[in-house]
Amino acid sequence: MRRGRYAPSPTGGLHLGNARTALVAWWRARAARASFVLRVEDLDRPRTVPAAVHGNLAELRWLGLDWDEGPDVSGPYGPYLQSERTAAYEAALGRLTADGATFACWLSRKDLRELASAPHGPTPPYGRRERARNARAETAKRAAGRTPAVRLRVGPGTVAWTDRLAGPQAFDLEAEVGDLVLRRADGLFAYALAVVVDDAVMGIEEVVRGDDLLQATAAQIALQRALGLPTPAYAHVPLLLGPDGMRLSKRRGDRTLHALRDAGVRPERVVGLLAATLGLLPEPSETSAAELIDVGGAADLPRAPGRLTEAHETWLHGG
Ligand code: GLU
């Protein structure tokens with residue numbers, strides 16, 4: 001691997017789970033003597049917290065991570081803020097449309113929910129029933145002045161890859177996800193399109209991210225194929241759970257790095273704790289990120305979620 005990356009979404013302060021994934025991404029790149037790219041995924045304007053765009057960078061630097069390319073240091077493949085890269089997404093969407101791989105989707109979220117057999121459950125895959133309903137809705141929606149979303153038509157078959165951390169993966173995209181949104185009705189490009197275009201343009205060879213995105217990765221591989229782009233290697237890190245067994249949440253402001261910093265916690269404590277939850281250290285001990293570079297091997301990273309304990313929290317705060 002010659003180029004790795006971490007790509008935070010600045011929808012709030014980074015929490016210990018985000019920091020753990022970032023640490024793995026950085027550590028794997030640095031251990032391989034690869035370049036490390038920091039890209040900020042601030043595409044979803046309504047969800048972006050402006051202060052978090054540079055705030056996230058400061059939080060990662062506080063942790064002891066560094067990068068060769070990023071919004072604050074620039075580089076040959078910039079800009080490194082997705083909000084400034086929309087021309088590339090527009091061009092990719094144009095290519096897919098010219099190939100006949102996309103279609104206009106006039107259905108609102110409410111329409112899709114009405115089609116679902118369990119209207120309060122997860123939205124079912126977008127398939128034959130939704131396409132038929134879309135065809136019937138078009139004239140009226142057009143007359144009402146609505147703007148359609150643009151979707152990628154997903155074909156049958158399995159998307160499979162061998163994940164560098166999570167092992168062999170296989171998804172039947174048509175059955176599990178259905179036709180993918182590429183541009184929303186409000187004009188915003190979907191994250192899947194942006195991430196696929198950016199990782200290819202930036203020459204990223206390994207994508208490290210949380211394993212809550214495994215299914216999203218399958219969809220992105222289908223999109224890479226439709227665009228004729230290479231598929232990078234993937235390494236999905238198991239999530240870090242709170243002492244209550246729940247996923248940490250940015251929205252709730254769970255265990256953020258800036259709160260820890262403000263409470264006087266040393267970054268070496270955070271890194272040491274995260275390294276222990278990753279099996280890189282036998283137990284938490286104050287460690288700089290740089291000291292981890294020559295520790296352990298990727299094969300030793302755990303496959304099960306990490307869990308914070310009360311003892312961890314006590315240790316973080318100097319206990
Ligand atoms: N921006 C995504 C997030 O913060 C990460 C996606 C990725 O690594 O590709 O959840």
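For the chain, the longest principal axis of the Cα atoms and the long axis of helix 86-98 meet at an angle of about 40 degrees. Sorted fewest first by neighbouring Cβ atoms within 10 angstrom, MET202, MET1 come out as MET1, MET202. Based on the reciprocal of the average 1/r between different C-alpha atoms, the Kirkwood radius for segment 1-112 equals 15.8 Å. The C-alpha atoms of the chain occupy a region whose extents along the principal axes are 65, 42, 38 Å, arranged from largest to smallest. Dividing the Cα convex hull volume of segment 195-319 by residue count, how many Å³ per residue is that? Enclosed volume per residue, from the Cα hull, is 138 Å³.
Axis angle, to the nearest 10 degrees, between helix 128-143 and the longest C-alpha principal axis of the chain: 70 degrees. Going by alpha carbons, how many degrees (0 to 90, nearest 10) lie between the helix axis of 214-227 and the longest principal axis of the chain? The answer is roughly 50 degrees.
When the square roots of the Cα gyration tensor eigenvalues are ordered a ≥ b ≥ c, the ratio a/c for segment 79-120 is 1.5 or more and a/b does not exceed b/c, which makes its shape oblate. Here the dipole of the chain is about 1240 debye; that uses its Cα centre as origin and unit charges on the Cβ of Lys and Arg (positive) and Asp and Glu (negative).
Since every read-out is calculated from the coordinates, none of them should be taken as a lab result. What you see is a predicted model; the values in this text were computed from it and never measured. Please note: Cβ atoms are built from the backbone with ideal geometry, for glycine as well, and neighbour counts cover all protein chains shown.
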